[in-house]
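Enquirer: Below you'll find the structure I mean.
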Amino acid sequence: MTIRNQPLIMTQTVLQSRGINKYFKDPVRVQVLKNIGFSVNQGEFVSVTGKSGCGKSTLLYILSTMDTDYEGDLLIDGDLMRGKSEGQLARIRNEKIGFVFQFHYLLNEFTVLKNVMLPGLKLQKYPEAEVEHRAMERLKTLGIAELAAKKANQLSGGEKQRVAIARALINDPIIIMGDEPTGNLDKKNSDIVFDIFKQLCEEFKQTLLIVTHDQSFAGNTNRIIEMEDGQIIHE
Amino acid sequence: MNYKLIVDIARSLLLARWRQSLVAAIGVTFSITMFIALLGFMNGLNDLLDGLILNRTPHVRLFNEIKPNPKQPVDQSADFKNSHNFIRSVKSSGVRVEISNSAAIMQALKTDPRVLGLAPKITAPVLYNSGTIDITGAVSGIDVIAESNLFFFSDYVTTGEPLDLKNISNSIVLGKGVAEKLLVDIGDVVQVTTSKGDRLPLKVVGFFESGIRDFDKVQSFASMATTQKLLRQSNSYVTDIQIKLKNLDQAPVVAKEYAQLFQTDAEDIQTANSQFETGSFVRTLISYVVGITLLIVAGFGIYNILNMMIYEKMDTIAILKATGFSGGDVRKIFLGIALTIGFLGGLLGLVFGFLLSLLIDQIPFNTAALPTIKTYPVNYNPVFYIIGIVFALITTYLAGFFPARKASAVDPVIIIRGK
Ligand SMILES: Nc1ncnc2c1ncn2[C@@H]1O[C@H](COP(=O)(O)OP(=O)(O)O)[C@@H](O)[C@H]1O
Ligand SMILES: [Mg+2]
């Protein structure tokens, strides 16, 4: 499978945050992110760790452009996200970001194959038959090709998460983000998912930014960003 | 925009909740069914009632009204030119009810492209005598064939042969009410006396039922020749020229023009029967109000089901947005669901509405007043069907609009975090 054509310069910055502050105003104004600044380079496998409630998810929602209520700058693929319309941000998520959630979030109305295809059909870069072919390729890579025709709600947790990864890969995103993607899985399935991430990074030079509080998971990634109370305390 | 994908997703969501969707669609189907049946029936009635009068009313009627001369001598005197003249008890005089030069007028009318056809007529006030009783009434002298072609005369001759009027000399078709009062039957002879005292025995060849009782109690028909004979007039004597136009709406204009041109009075159908338009209008209005009310109720059904669907499908909406579908896409998906329900429900409503109309059309409806009507009247105007489906789509669009907007505004972060 060819996930994407790799650029020759491997140190290209895929994602950059500069001085990101985030406040929640409900019930009182609290600052949950304080001056977050870091960048992720092409091909890196980065993990974000920290205690529960330190702001990891909040940060990831901002980085994935779903949350636009923050201070500071976010650049994806060198492009500043500030001032973009809802439609433009949706397009960027569709094209450049693959997202893997803790709770799988597949669409139960559709088959596994269709779930993987949907973001590809939305992007309209390839015709439908080609999107289907690419979806099958990704399911094969993740070892779940035989599940293609099943309905999403007939799968086990580990299988669902692998389908979600396949879906995240369908449009060759420049970065895959995960919010505790193994948080809801047993040890065996967690290992499978981690191995997939590792494989994607090593074989296909896929950039990954994964939030986790699993220390052993984080320990096996290229780079660990450690957070505490909304700040990066260690890189 | 990728409409195929939007439609595909909308269909999947719809099928996942097909039971509720079906209930919503049935609501629309019911409304449209009633709407179509009601409009068809009401308009059938309208046509019938209008037909009662309008079928038999000329679009333009030329005649001479008995009225005082508008140019009184005093107005022509130079001495009183600048005065305001009061003249009391002016009498009508010297006016003939006969249309002079009627043959030439009819010839001219026949060449007018706006005219569909014309029928001359003589109206004569008479007394029917039977034994010791005299009944006031009127005999119309008509051209049976023209009258039948243009004003459906033969439809209303319920007993007897209308053409006998033409073929048998000194014959008469009596109004049903007149016949009942005179106690005469087909083949009997009635004595008819004109206002000048001339009397003529006429043979009864048929009975006439217009559906309007008061009319049937006074009116009878004879041929032009018989009536001219009755009135001791020449065979060019005509008091009315009845004109049917190709386009009814032109009547007022044409009437004005003819009054000028032929120096007679001319009355158009709109002026003669303005009250019938009001009745038709009210009936049509009622149909629309009922239909729209039903549709609004159905609309609330769709609104509820969509709201419920959105509530259940929050995860789906969040994931669609997280993977790159915009708020606009989500809105289109839910509007698509609403419109699908509306379109399919509406289409089925048209079919059922048509079937219900057919059923109404079979129900026997016999009334002495309407001899040609055997079942309830129904109008199958395709315009009602077009209006029906358009209404269904508009209502479902409006019912889907707010839920769809709500769906498009779902914040995926809140949903994903909420797990
Ligand atoms: N909608 C919200 N309103 C107010 N506070 C919130 C909201 N969402 C999260 N928080 C708070 O923000 C902090 C960071 O939350 P989160 O980013 O989910 O932490 P993590 O993912 O690291 O466990 C927590 O203290 C949490 O209670
Ligand atoms: Mg979290």
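The values are calculated or read from the model by the stated rules, or taken from the named source; none is laboratory data. Please read all numbers here as calculations on a predicted model, not as lab measurements. Note that we place each Cβ from the backbone using ideal geometry, even for glycine, and neighbour counts take in every protein chain shown. Just the protein is used for accessible areas: all its heavy atoms, side chains included, with ligands, DNA and RNA removed. Shrake-Rupley method; radii C 1.70, N 1.55, O 1.52, S 1.80 Å.
Enquirer: Given the Cα atoms of the range B:289-343, and with Rh set as the inverse mean 1/r over their pairs in the Kirkwood sense, what is Rg to Rh to two decimals?
Expert: 1.10
Enquirer: Continuing with the same structure: Quick one: net charge around B:T375, please, counting Lys, Arg +1 and Asp, Glu -1 for every other residue with C-beta under 15 Å from its C-beta.
Expert: That sum, taken over residues with Cβ under 15 Å, equals -1.
Enquirer: Could you compute Rg(Cα) / (2.2 N^0.38 Å) for the protein assembly as shown, with N its residue count?
Expert: In units of the 2.2 N^0.38 Å rule of thumb, it is 1.68.
Enquirer: Which Cα, out of B:I386, B:F365, B:L49, lies furthest along the positive dipole direction of chain B (beta carbon charges, K/R +1, D/E -1)?
Expert: Most positive-ward Cα: B:I386.
Enquirer: Could you grab the Rg to Rh ratio for the range B:242-312? Cα atoms only, Kirkwood for Rh.
Expert: That ratio is 1.47, to two decimals.
Enquirer: Grab the other residues whose beta carbon is less than 13 angstrom from that of B:Q191, score K and R as +1, D and E as -1, and report the net.
Expert: -1
Enquirer: Using a probe radius of 1.4 Å on protein heavy atoms only, what is the accessible area buried between chains A and B, both sides summed, to the nearest 100 Å²?
Expert: For A against B, buried area totals roughly 2400 Å².
Enquirer: Right, another one. Find the lysine pairs in the range A:44-150 meeting two conditions, Cα atoms under 17 Å apart and a separation of 8 or more places or different chains, and report how many there are.
Expert: Taking the range A:44-150 as the scope, the lysine pair count is 8.
Enquirer: Right, something else. Over the alpha-carbon set of the range A:125-235, work out the extent along each principal axis and list the three values in angstrom, largest first.
Expert: 47, 30, 24
Enquirer: Taking each residue of B:312-322 in turn, how many C-beta atoms of other protein chains fall within 10 Å of its C-beta, and what is the average?
Expert: 5
Enquirer: When ligands, DNA and RNA are left out and all protein chains stay put, how many square angstrom of accessible area per residue does the range A:90-205 have with a 1.4 Å probe?
Expert: Spelled out: the 1.4 Å probe surface of the range A:90-205, per residue, equals 36 Å².
Enquirer: While we're here: Work out the mean other chain Cβ neighbour count within 10 Å for the residues of A:106-112 and drop it here as an integer.
Expert: Per-residue shielding by partner chains comes out at 5.
Enquirer: Along the charge dipole of the range B:307-419, pointing to its positive end and built from +1/-1 on Cβ of Lys, Arg, Asp and Glu, which listed residue (B:G342, B:S326, B:V413) has its Cα farthest out?
Expert: Among B:G342, B:S326, B:V413, the one farthest towards the positive end of the dipole of the range B:307-419 is B:V413.
Enquirer: Here is a follow-up. Is the C-alpha gyration tensor of the range A:99-179 telling us rounded, prolate or oblate? Criteria: a/c under 1.5 is rounded; beyond that, a/b larger than b/c is prolate, otherwise oblate.
Expert: Here the range A:99-179 falls in the oblate category.
Enquirer: Moving on. Nearest 10 degrees, 0 to 90: what angle lies between the long axis of helix A:86-96 and the longest principal axis of chain A (Cα atoms)?
Expert: 60
Enquirer: While we're looking at this one, here's another question. Enter the mean projected area of the convex hull around the alpha-carbon atoms of the range B:266-419, in nm², rounded to one decimal.
Expert: With the hull built on Cα positions only, its mean projection is 13.5 nm².
Enquirer: Related question: Kindly express, to the nearest 10 degrees and within the range 0 to 90, the angle between helix A:128-141's C-alpha long axis and the longest C-alpha principal axis of chain A.
Expert: For helix A:128-141, the angle is close to 80 degrees.
Enquirer: Span-like helices, chain B: DSSP H, alpha-carbon axial extent 30 Å or more, mean Kyte-Doolittle 0.5 or greater, which ones?
Expert: B:18-50, B:274-312, B:327-362, B:382-408
Enquirer: One-quarter of the Cα convex hull surface for chain B, in nm²?
Expert: So the mean shadow area of the Cα hull is 32.5 nm².
Enquirer: Taking a 1.4 Å probe, which of B:R19, B:R96 shows the most accessible area, and what order do the others take after it?
Expert: B:R19, B:R96
Enquirer: Can you find, among A:I233, A:P181, A:A166, the residue sitting farthest towards the positive end of the charge dipole of the range A:134-235, where Lys and Arg contribute +1 and Asp and Glu -1 at Cβ?
Expert: A:A166
Enquirer: Also, quick follow-up: Please report, for the Cα atoms of chain A, the Rg to one decimal and the Dmax as a whole number; what are they, in angstrom?
Expert: 17.3, 52
Enquirer: Using the heavy atoms of the protein chains and a 1.4 angstrom probe, tell me the accessible area per residue for the range B:254-308 in square angstrom.
Expert: 56
Enquirer: While we're on this one: For the range A:12-76, what mean projected area does the convex hull of the alpha carbons give, in nm²?
Expert: Computing the convex hull of the Cα atoms and averaging its projections yields 4.6 nm².
Enquirer: Rg and Dmax of the range B:104-192 over Cα atoms: what are they, in angstrom?
Expert: Every Cα atom of the range B:104-192 included, Rg and Dmax give 15.4, 51 Å.
Enquirer: Using alpha carbon centroids, what distance separates the range A:20-96 and the range A:142-201, in Å?
Expert: 23
Enquirer: Does the range A:47-120 come out rounded, prolate or oblate by the C-alpha gyration tensor, with a ≥ b ≥ c the root eigenvalues, rounded set by a/c under 1.5 and, if not, prolate when a/b is larger than b/c and oblate if not?
Expert: The shape class here is oblate.
Enquirer: Probe radius 1.4 Å, ligands and nucleic acids ignored: give me the carbon and sulfur share of the accessible area of the protein assembly as shown as a rounded percent.
Expert: The computed percentage sits at 56.
Enquirer: Okay, next question. About the Cα centre of the range B:264-419, what is the dipole size in debye to 20, counting +1 per Lys and Arg Cβ and -1 per Asp and Glu Cβ, all else neutral?
Expert: Using Cβ point charges on Lys, Arg, Asp and Glu, the range B:264-419 gives about 1040 debye.
Enquirer: Note down the magnitude of the dipole of the protein assembly as shown about its Cα centre, charges +1 on Lys and Arg C-beta and -1 on Asp and Glu C-beta and zero elsewhere, to the nearest 20 debye.
Expert: That gives a dipole near 320 debye.
Enquirer: I'd like the mean, over residues of A:84-93, of how many other protein chain beta carbons sit within 10 Å of each residue's own Cβ.
Expert: 4
Enquirer: Could I get the Rg over Rh figure for the range B:43-144? Both from C-alpha atoms, Rh via Kirkwood, rounded to two places.
Expert: Expressed as Rg/Rh, it is 1.12.
Enquirer: Largest first, please: the extent of the C-alpha atoms of the range B:199-262 along each principal axis, to the nearest Å.
Expert: 42, 33, 18
Enquirer: Measure nothing fancy, just the Cα-based angle from helix A:112-123's long axis to the longest principal axis of chain A, in degrees from 0 to 90, nearest 10.
Expert: Tilt of helix A:112-123: around 60 degrees.
Enquirer: Follow-up. Among residues other than B:S12 whose Cβ falls under 9 Å from its Cβ, what is the net charge (Lys/Arg +1, Asp/Glu -1)?
Expert: Here the count lands on 0.
Enquirer: Tell me whether the range B:1-63 comes out rounded, prolate or oblate; compute the Cα gyration tensor, take square roots of the eigenvalues as a ≥ b ≥ c, and use a/c under 1.5 as the rounded threshold.
Expert: oblate
Enquirer: If you don't mind, another one. Which value, in debye to the nearest 20, gives the size of the charge dipole of the range A:114-235 about its Cα centre, when Lys and Arg are +1 and Asp and Glu are -1 at the Cβ?
Expert: For this selection, approximately 620 debye.
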